[in-house]
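Notes follow the structure.
The values are calculated or read from the model by the stated rules, or taken from the named source; none is laboratory data. The model shown is predicted, which means the values in this text are computed figures rather than measured ones. In this analysis, Cβ positions are derived from the backbone assuming ideal geometry, glycine residues included, and neighbour counts consider all displayed protein chains. Side chains included, ligands, DNA and RNA excluded: accessible areas come from the protein's heavy atoms. Shrake-Rupley method; radii C 1.70, N 1.55, O 1.52, S 1.80 Å.
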Amino acid sequence: MPGSSIRLGLIVILTLSTFYIIGTKGDSLSDLESTIITHGGQVLRVTDPQYKKAAGLWNPAIQIWPSLILRPAIYDDVALALSTLYSLNAPVRIMGGRHSYGAYCSHEGVVLDSALLKNIIINWQDQTVTMQAGVIWSEVYTALEGSEYVVIGGLCPTVGVVGYTMGGGYNSMYTRSFGLASDNVLSFTVALYNGSITTASSTINPDLYWALRGGGGGNFGYVLEMTHKIHQINATKLPFGQLLFFNVTWVNHGDFTAVLRNWLTFLKEVADVDTRISFDVIVIVAPENSIVMMYGSFNGPQADFNPVFDPWLSKNPKPDFFNMQNYTLTDIIRVVGVPNNPFPTEQRQHIVSAMAINITDAMLDVILEPQPNSTSGVFQVMDIIYLHNSNKDKNTAWPFSDISFDIAPGFVWSKAEDDPLAIDVSERWLQRLRNAAAPTQSIVGAYLNYIDPYLPDWQTMYYRNHWERLREINTKWDPTWYFRFPQGIPPNNQRSNMKTLKNMKMI
Ligand SMILES: Cc1cc2nc3c(=O)[nH]c(=O)nc-3n(C[C@H](O)[C@H](O)[C@H](O)COP(=O)(O)OP(=O)(O)OC[C@H]3O[C@@H](n4cnc5c(N)ncnc54)[C@H](O)[C@@H]3O)c2cc1C
């Protein structure tokens with residue numbers, strides 16, 4: 001019976017090795033959990049009372065519930081978590097402010113959450129701020145409040161600092177004066193897939209430094225902290241870093257095309273060369289109430305405002321409402337941001353983005369289309385952010401130094417059963433805009449921070465001609481593509497073949 005004893009022997013070996021693997025896996029994971037807790041961190045599972053709040057994403061339409069949330073309180077424990085999980089071949093996602101429109105900070109496995117890494121250090125002499133990975137923008141604004149300094153961060157105060165910065169990060173009121181968030185980073189501290197910790201700056205690992213500034217959150221490594229420049233607002237000669245903030249509004253006007261054409265002419269003739277001027281334009285065309293509302297700022301003295309703006313504002317059709325205030329960043333957020341928003345939001349959301357060099361008449365027709373039929377339950381808020389000459393450091397992974405606009409409407413709806421319809425309405429709208437822009441090649445990409453899991457040609461739309469260089473850099477820093485997600489940057493030995501919607505629950 002030699003055959004049966006060999007079979008029995010094999011079964012014993014297999015059983016023992018399975019127990020050994022499970023035992024080792026269990027041991028190293030429970031050792032990791034104990035270490036994290038000992039050092040003041042947290043370990044959350046679905047049965048923990050804090051779990052639901054910790055795992056909740058900004059947008060309920062893309063909610064995914066992870067099996068385990070690890071919240072290290074010190075950098076060494078982030079490093080230990082990565083080396084342990086990597087050796088166990090357990091995939092991770094990195095969680096920051098939880099605003100990703102693609103839910104790429106979460107998945108059904110282990111999530112490494114930065115929520116306890118909250119330190120902020122301001123160096124007034126060097127004019128820098130160093131922020132740990134779990135900081136959100138409102139916390140930095142509170143730290144700078146009362147000073148004359150601003151940092152380039154989000155107008156939505158609950159956005160996380162790292163996710164925002166790695167995608168570029170624009171602030172529609174300040175970026176034309178001081179650049180994108182990614183233009184303003186002096187250095188990163190990064191934990192790599194194997195748990196080693198490194199620095200990226202213009203002199204140390206410059207390839208990684210280039211890629212982290214615009215290459216997108218979740219790629220390359222876990223950013224533990226970053227140091228950004230802060231900027232003194234002194235051109236306005238106002239105290240506390242105030243800008244001249246204005247609102248120009250046209251309501252229920254018969255000729256919104258003329259309103260927007262006049263604005264585009266003003267941009268070309270005046271604002272394109274005067275980077276003190278910023279705009280964020282909201283357009284809603286609905287059967288009952290239609291509105292074009294332009295928020296803007298002027299980073300210059302009051303005496304310069306009227307001579308610059310009057311020729312445009314006195315053109316027909318004249319605005320129904322004009323208002324100007326001296327505002328700090330906190331005041332501006334109170335007006336245009338979402339300071340007391342519930343988190344997660346109640347409404348389901350999808351956003352699409354078109355990075356455009358210019359806006360033609362054919363594109364205006366699509367921008368001014370009436371709201372989707374109200375019976376569909378999907379509501380559209382058009383947002384056009386003026387970004388001409390915003391990119392101040394051309395040596396970063398940000399690929400859009402030539403654009404003037406991000407045309408980025410948000411679509412909102414309330415019922416889960418309307419998810420497929422809402423996505424269809426949004427993506428068809430984007431396609432119509434792209435078709436209208438095609439003859440003039442006015443649209444050159446899509447904004448990575450408004451990540452769109454349904455975008456078919458996302459590699460070229462997000463990254464343009466930087467795609468191959470980013471893959472090359474990721475081959476060096478994350479060779480086995482450990483930090484992997486559906487629209488992530490694969491190293492050269494891997495194919496970008498993850499099904500885009502694999503981990504998504506919404507449809
Ligand atoms: C209401 C709202 C308003 C917004 N306004 C603006 C705006 O004005 N300007 C703008 O530029 N963007 C804006 N955004 C987009 C926002 O910048 C992106 O969604 C950004 O990715 C969010 O970062 P987060 O940390 O909050 O989100 P998360 O979902 O936690 O993270 C986003 C991505 O970054 C990765 N990531 C998070 N932390 C780290 C880390 N420490 N190391 C490495 N990767 C990490 C995640 O894995 C994920 O892939 C807005 C988004 C929302 C929802």
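In what sequence, highest mean first, do 320-327, 437-444, 349-356 appear when ranked by Cβ atoms within 10 angstrom?
On the way: 320-327: 14.1, 437-444: 16.2, 349-356: 23.4.
Descending packing order for the listed peptides: 349-356, 437-444, 320-327.
Where does the charge balance sit around Ala446 when Lys and Arg score +1, Asp and Glu -1, over other residues with C-beta under 12 Å from its C-beta? Write out the running numbers ahead of the final one.
Values: positive: Arg434, Arg464; negative: Asp406, Glu427, Asp452, Asp457.
Net of charged neighbours comes to -2.
Could you work out what % of the accessible surface of the range 330-426 is carbon and sulfur, using a 1.4 angstrom probe and leaving DNA, RNA and ligands out of the count? Each step should come with its number before you reach the end.
Working: 1980 of 3860 Å².
The C+S portion of the solvent-accessible surface of the range 330-426 is 51 percent.
Of all chymotrypsin sites (Phe, Trp or Tyr not before Pro) in the range 335-430, which ones are in loop regions per DSSP and have a Cβ with at most 16 other Cβ atoms within 10 Å? It would help to have the intermediate numbers written out before the result.
Numbers: sites: Phe379, Tyr386, Phe400, Phe405, Phe411, Trp413, Trp429; in loops: Phe400.
Counting only loop positions with at most 16 other Cβ atoms within 10 Å, none of the chymotrypsin sites (Phe, Trp or Tyr not before Pro) in the range 335-430 qualifies.
Which of the residue pairs Lys229/Lys476; Lys118/Lys415; Lys52/Lys476; Lys118/Lys392; Lys268/Lys394; Lys53/Lys476 have a Cα-Cα distance greater than 26 Å in the structure shown? Don't skip to the answer; put the middle values down first.
Details: Lys229/Lys476 28 Å; Lys118/Lys415 35 Å; Lys52/Lys476 37 Å; Lys118/Lys392 28 Å; Lys268/Lys394 22 Å; Lys53/Lys476 36 Å.
Result: Lys229/Lys476; Lys118/Lys415; Lys52/Lys476; Lys118/Lys392; Lys53/Lys476 exceed 26 Å.
Taking a ≥ b ≥ c as the square roots of the Cα gyration tensor eigenvalues, with a/c under 1.5 meaning rounded and otherwise prolate when a/b beats b/c, else oblate, which class fits the chain?
Values: a/c = 2.12, a/b = 1.66, b/c = 1.28.
In terms of gyration-tensor shape, prolate.
Would you tell me the accessible area of Ser83, worked out with a 1.4 angstrom probe on the heavy atoms of the protein chains, in Å² to the nearest 10?
40
When Lys and Arg each count +1 and Asp and Glu each count -1, what net charge do the other residues less than 11 Å away from Lys392, Cβ to Cβ, add up to? Please list the in-between numbers first.
Numbers: positive: Arg176, Lys229, Lys394; negative: Asp183, Asp393.
With Lys, Arg at +1 and Asp, Glu at -1, the net is +1.
Taking a probe of 1.4 angstrom, what is the accessible area of Asp331 in Å², to the nearest 10?
So the heavy atoms of Asp331 present about 40 Å² to solvent.
On average, how much accessible surface per residue is there in the chain, in Å², for a 1.4 Å probe, leaving out ligands, DNA and RNA?
Numbers: 21140 Å² over 507 residues.
Per-residue value: 42 Å².
So who's got an amide H within less than 5 Å of the one on Val135, skipping anything under 5 residues away but keeping other chains? H placed 1.01 Å off N, in plane.
It is Val161, by chain and number.
Please work out the C-alpha center-to-center distance from the range 289-309 to the range 161-227 and express it in whole Å.
That distance is 32 Å.
Just the C-alpha atoms of the range 25-113: what Rg/Rh do they give, with Rh taken as the Kirkwood radius? All intermediate terms of the calculation are to be shown ahead of the outcome.
Values: Rg = 12.6 Å, Rh = 13.2 Å.
Answer for the range 25-113: 0.95.
Classify the range 350-507: rounded, prolate or oblate, from the alpha-carbon gyration tensor (a ≥ b ≥ c, eigenvalue square roots; a/c under 1.5 rounded; otherwise prolate if a/b is larger than b/c)?
Because a/c hits 1.5 or more and a/b fails to exceed b/c, the range 350-507 counts as oblate.
Count charges around Ser177 for me, please; just the other residues with Cβ under 10 Å from its Cβ, Lys/Arg as +1, Asp/Glu as -1. If you can, show how the numbers build up before the last one.
Values: positive: Arg176, Arg276, Lys392; negative: none.
Overall, the nearby charge balance is +3.
What is the ratio of the Cα radius of gyration of the range 187-290 to 2.2 N^0.38 Å, where N is its residue count, to two decimals?
That works out to 1.70 for the range 187-290.
Over all directions, average the projected area of the Cα convex hull of the range 284-430 and note it in nm².
Working: hull surface 47.6 nm².
Dividing the Cα hull surface by four gives the mean projection, 11.9 nm².
Would you calculate the volume per residue, in Å³, of the smallest convex hull containing every Cα atom of the range 257-346? Kindly include the intermediate steps, with their values, before the conclusion.
Details: hull volume 12.2 nm³, N = 90.
Dividing the Cα hull volume of the range 257-346 by its residues yields 136 Å³.
Give the long-range amide H neighbours of Ser187: residues separated by 5 or more places, or on another chain, with amide H under 5 Å away, using H modelled in the peptide plane at 1.01 Å from N.
For Ser187, whose amide H was placed from the backbone, the distant partners under 5 Å are Thr227.
So for the range 235-303, considering every pair of alpha-carbon atoms, how many percent are separated by more than 17 Å?
On the way: 1178 of 2346 pairs.
Summing the P(r) tail past 17 Å for the range 235-303 gives 50 percent.
On alpha carbon coordinates alone, what is the Rg over Rh value for the range 121-177, Rh being the Kirkwood radius?
Working: Rg = 10.9 Å, Rh = 11.8 Å.
A ratio of 0.93.
Tell me, what HN-Hα J-couplings in whole Hz come from the Karplus equation 6.51 cos²θ - 1.76 cosθ + 1.60 at θ = phi - 60° for each residue of the range 244-258, using x for Gly and Pro?
7, 10, 10, 10, 10, 9, 10, 10, 6, 8, x, 10, 5, 4, 5
Using a 10 Å Cβ count of at most 10 others and DSSP loop calls, identify the longest part of the chain lacking such GluC sites (Glu not before Pro). List each step's numbers first, then the result.
Numbers: sites that count: Glu288, Glu346.
Result for the longest clean stretch: 1-287.
How would you classify the range 63-114 from its alpha-carbon gyration tensor, with a ≥ b ≥ c the square roots of the eigenvalues: rounded for a/c under 1.5, else prolate if a/b is greater than b/c, otherwise oblate? Show your work: numbers first, answer last.
On the way: a/c = 2.36, a/b = 1.44, b/c = 1.64.
Here the range 63-114 falls in the oblate category.
Under a 5 Å amide H to amide H cut-off, with H placed in plane at 1.01 Å, what residues pair with Gly215 once short-range neighbours are removed?
Result for Gly215 returns Ala397.
Which ³J(HN,Hα) values, rounded to whole Hz and listed in residue order, are derived for the range 102-117 from phi using the Karplus coefficients 6.51, -1.76 and 1.60 in 6.51 cos²θ - 1.76 cosθ + 1.60 with θ = phi - 60°, glycine and proline given as x?
x, 6, 6, 7, 9, 6, 7, x, 8, 10, 9, 9, 8, 3, 9, 8
Given Cα pairs under 8 Å that are at least 6 residues apart, what percent is the relative contact order of the range 25-113? Can you show the working numbers first?
Details: 133 pairs, mean separation 29.0, N = 89.
Computed over the range 25-113, the figure is 33 percent.
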